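Reviewing the structure listed below.
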Amino acid sequence: MNQKDKNKGAISIADDIKREAAHIMIEFDQFTDNYHVLFLLQRHKDGGDVNNTKLKKIIVYGKKEYQEALEELLAEQQKSDKTLRIYASLNERDFKKAIRKFKREQLDAEEQQEFDHHGFYRDVRNRFIGCLMQPGQRASSWFLWDVDTKDDQPFLAQLPAEIPVLLKYPTKKGWHIITPPFNYTKMVLPPDVELKKDGLLLLKWQVI
């Protein structure tokens with residue numbers, strides 16, 4: 001293959017990634033405003049560490065940055081020989097509260113007798129993202145219902161009539177269903193349904 005063909009192939013791949021990112025942005029449009037964090041990770045079940053392997057984390061603000069980060073992660077996912085998934089925070093993040101939380105953790109760490117100053121400050125970005133992603137720093141409160149079966153009707157039949165399904169999309173084993181927050185305590189959840197009050201959207205998973 002000559003250089004011209006290689007360039008043409010690279011352009012075609014980049015165009016495909018842009019189209020896929022645009023399609024994902026349309027599907028998840030109502031959950032892409034303000035601050036979010038996107039992740040490229042390898043789940044433990046796909047060969048990652050016990051707590052999953054986060055290969056990249058990107059903080060974004062607004063739809064433009066969200067799509068740019070998504071294109072970057074899609075490109076990395078496509079090049080990798082590992083089974084990788086792209087996730088994003090469902091709920092918006094409160095940046096100011098995260099800054100306050102980070103400052104408190106910084107002061108607490110400074111007071112520790114055997115505090116590793118170099119280690120803390122060399123890992124500042126990951127530590128701040130950790131603060132940003134804590135449930136206390138969410139700026140919205142959508143519910144994500146993880147239905148680990150293809151048959152979602154037993155769960156949907158229990159949803160109160162006044163509660164809309166904002167989004168339903170397929171996962172590897174079942175469905176993710178997003179609703180507004182509500183009092184769910186009277187529901188009897190099937191064993192294959194889990195509520196995640198500050199869950200992650202599964203934007204792209206590979207079929208291997």
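Which value, in debye to the nearest 20, describes the size of the charge dipole of the range 140-199 about its Cα centre when Lys and Arg Cβ atoms bear +1, Asp and Glu Cβ atoms bear -1, and nothing else is charged?
Values: 7 positive and 8 negative charges, 16 e Å.
The dipole magnitude comes to about 80 debye.
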Ratio of alpha-carbon Rg to the 2.2 N^0.38 Å globular estimate for the range 82-191, to two decimals, please. 1.46
For q = 0.15, 0.16, 0.24 Å⁻¹, what log10 I(q)/I(0) does the range 64-138 give under the Debye formula with an equal point scatterer on each alpha carbon and no solvent? -0.70, -0.77, -1.07
Can you give the Rg to Rh ratio of the range 95-136, both from alpha-carbon atoms, with Rh computed by the Kirkwood formula? 0.98
Per residue, what volume in Å³ does the Cα convex hull of the range 3-89 take up? 98
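Given only helices, namely DSSP H runs of n ≥ 4 each adding -39500 (n - 2.57), what is the per-residue ellipticity at 222 nm of the chain, to the nearest 500 deg cm²/dmol? Intermediate results must be reported in sequence, preceding the final value.
Working: 6 runs with 78 residues, N = 208.
Roughly -12000 deg cm²/dmol at 222 nm, from the helical runs in the chain.
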Stretched out fully, how many nm does the piece from Arg19 to Glu111 gain, at 0.36 nm a residue minus the Cα gap? 28.1 nm
Lys56 long-range amide H proximity, modeled H, under 5 Å: Leu40
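Under 20 °C and 1.002 mPa s, how fast does the chain diffuse according to Stokes-Einstein, given a Kirkwood radius computed over C-alpha pairs? Answer in µm²/s, whole number. Before the final figure, lay out the partial values.
On the way: Rh = 19.1 Å.
Translational D for this selection: 112 µm²/s.
From Cα pairs below 8 angstrom and at least 6 apart in sequence, can you work out the relative contact order of the range 140-199, rounded to a whole percent? All intermediate terms of the calculation are to be shown ahead of the outcome.
Working: 98 pairs, mean separation 31.7, N = 60.
This gives 53 percent for the range 140-199.
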Let me see the P(r) profile for the range 140-199: every Cα-Cα distance counted, bins of 10 Å, each bin given as a percent of all pairs. 22, 64, 14
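With contacts defined as alpha carbon pairs under 8 Å and 6 or more residues apart, what's the relative contact order of the range 3-89 in percent?
Reported relative contact order: 33 percent.
Compute the relative contact order of the chain as a whole-number percentage, counting only Cα pairs closer than 8 Å that sit 6 or more residues apart in sequence.
Values: 301 pairs, mean separation 42.8, N = 208.
In percent, rounded to a whole number, it is 21.
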Counting only residues 5 or more apart in sequence or on a different chain, those whose built amide H sits under 5 Å from that of Asn34 are Gly62, Lys63
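Run the dipole for the chain about the Cα centre, Lys and Arg Cβ at +1, Asp and Glu Cβ at -1, nothing else charged, and hand back the magnitude in debye, nearest 20. Each step should come with its number before you reach the end.
On the way: 34 positive and 32 negative charges, 62 e Å.
Charge dipole of the chain: 300 debye, to the nearest 20.
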With a 10 Å Cβ neighbour count serving as the proxy for reagent exposure, in which order, fewest first, do Val37, Val60 appear? Val37, Val60
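Can you flag which of Lys54/Lys197; Lys18/Lys172; Lys79/Lys197 are past 30 Å Cα-Cα?
Numbers: Lys54/Lys197 21 Å; Lys18/Lys172 23 Å; Lys79/Lys197 33 Å.
In this structure, Lys79/Lys197 lie more than 30 Å apart at Cα.
Any read-out appearing in this document is the output of simple, stated calculations on the displayed coordinates, not a laboratory observation. Just so you know, these numbers come straight off a predicted model, no measurement behind them. So basically every Cβ, Gly included, is an ideal-geometry build from the backbone, and we count neighbours across all protein chains shown.
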